[in-house]
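Notes to accompany the following structure.
The values are calculated or read from the model by the stated rules, or taken from the named source; none is laboratory data. What you are looking at is a predicted structure, and each value in this text was computed from that prediction instead of being measured. Cβ: placed from backbone, ideal geometry, glycine included. Neighbour counts: every protein chain shown. When the accessible area is computed, the model is the full protein with side chains, heavy atoms only, and any ligands, DNA or RNA have been set aside. Shrake-Rupley method; radii C 1.70, N 1.55, O 1.52, S 1.80 Å.
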Amino acid sequence: MLIRRAPDIRSSEITPESLYFGRREFIAAASAAALDLAAPAAARATPRPRADDDKPNSYEDITHYNNYYEFGTDKEDPAKYAGTLRTSPWKVEIGGLCEKPGKYDLDDLLRGQTIEERVYRHRCVEAWSMVIPWNGFSLRNLIARFQPTSRAKFVEFTTLYDPAEMPQAGDVLPWPYVEGLRMDEAMHPLTMVVTGLYGRPLPNQNGAPLRVHVPWKYGFKSAKSLVRIRFVESQPANTWNVVAPNEYGFYANVNPNVDHPRWSQARERRIGEFFRRPTLMFNGYGDQVASLYAGMDLRRNF
Ligand SMILES: Nc1nc2c(c(=O)[nH]1)N[C@H]1C(S)=C(S)[C@@H](COP(=O)(O)O)O[C@H]1N2
Ligand SMILES: [Mo]
């Protein structure tokens with residue numbers, strides 16, 4: 001598979017660097033101002049994000065600190081147990097309100113897609129975060145192929161549940177794991193189909209052979225090991241929302257101002273670091289995605 005690194009991508013193909021890190025310095029300035037730091041005015045006027053602010057986490061961290069409850073609930077469990085997941089052959093069922101439904105082989109789904117590297121911040125609802133150099137492409141490039149009809153307002157993602165390959169799953173969640181996005185969220189260029197990381201095939205514990213990542217949302221929106229994508233008219237029932245509706249919303253946009261009922265979302269621990277850092281609105285991608293939610297009450301639609 002062809003892997004092109006970010007600097008090689010022509011600007012005609014994607015919105016450039018801002019796609020990766022957004023306006024970092026601006027965001028750092030805004031969050032520093034929001035904290036009303038007791039710093040001299042001159043220092044506040046020239047905020048300097050630490051040089052390593054978005055330095056990717058190590059391959060080891062990214063592949064050994066995971067949430068994939070089908071393989072157990074400890075962070076180390078997926079790395080230990082996901083080896084039993086068989087990722088080939090792999091088919092994804094495309095259904096619902098579209099012109100080209102069917103069962104597609106993975107090879108077929110990836111054919112013609114250019115695999116890019118995109119370094120995204122990844123923020124878990126549990127108030128930790130990582131920076132991950134994913135490989136993949138915009139979900140909208142895949143969706144376009146299936147020609148969703150005008151009645152399709154949401155996309156529903158269903159992930160693999162195979163009790164024989166996932167004996168650790170137990171009944172911690174109702175399986176299979178289901179997630180969903182509004183159509184415009186799914187079609188946003190930042191929303192990514194992930195097929196690898198660090199230029200290598202996606203490890204099972206990270207959701208092989210393909211998963212989504214929605215970088216401005218809490219990690220639970222990013223369903224792993226997809227087996228079904230459906231275009232639907234009404235909002236899909238997403239697993240964590242079904243289990244605890246007062247704790248996990250449908251939107252799940254990263255928002256430092258709306259706390260989880262059991263903990264604050266104002267700060268986060270970057271895996272590998274000791275001190276916690278302020279959480280950024282929309283995980284720092286607000287300049288690209290805030291308009292999707294214009295006029296919405298983000299406290300009610302959490
Ligand atoms: N099928 C499935 N997908 C899932 C999960 C899961 O338990 N099962 N956990 C979610 C959560 S809470 C997070 S934070 C991310 C973790 O992705 P990572 O392990 O690659 O960092 O996957 C999401 N996708
Ligand atoms: Mo998460």
Residues located in region 121-152, provided they are on the phi > 0 side of the Ramachandran plot and away from ligand 1 (no atom under 13 Å from the Cβ): Gln147
Single residue of region 104-130 satisfying the filter (more than 13 Å from ligand 2 (Cβ to nearest atom) and among the aromatic types (Phe, Trp, Tyr)) that is most open to solvent (accessible area, probe 1.4 Å): Tyr104
Residue in region 39-51 that is among the polar types (S, T, N, Q), under 26 Å from Arg270 (Cα atoms), open to solvent by 50 Å² or more (accessible area, probe 1.4 Å) and modelled with pLDDT under 50 present: yes
Check on Pro133, modelled with pLDDT of 95 or more, open to solvent by 10 Å² or more (accessible area, probe 1.4 Å) and within 17 Å of the chain's Cα centre (by Cα): no
Pick from region 110-130, criterion more than 14 Å from the chain's Cα centre (by Cα) and among the polar types (S, T, N, Q), ranking: farthest from Glu60 (Cα to Cα): Gln113
Test result for Ala144, among the aliphatic types (A, V, I, L, M) and surrounded by fewer than 21 Cβ atoms within 10 Å (Cβ to Cβ): yes
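Please pick out the residue among Lys75, Lys55, Lys80 that is away from ligand 1 (no atom under 15 Å from the Cβ) and basic (Lys, Arg).
Result of the check over Lys75, Lys55, Lys80: Lys55.
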Those residues of region 209-264 which are among the hydroxyl-bearing types (Ser, Thr, Tyr) and away from ligand 1 (no atom under 16 Å from the Cβ), in sequence order: Ser234, Ser264
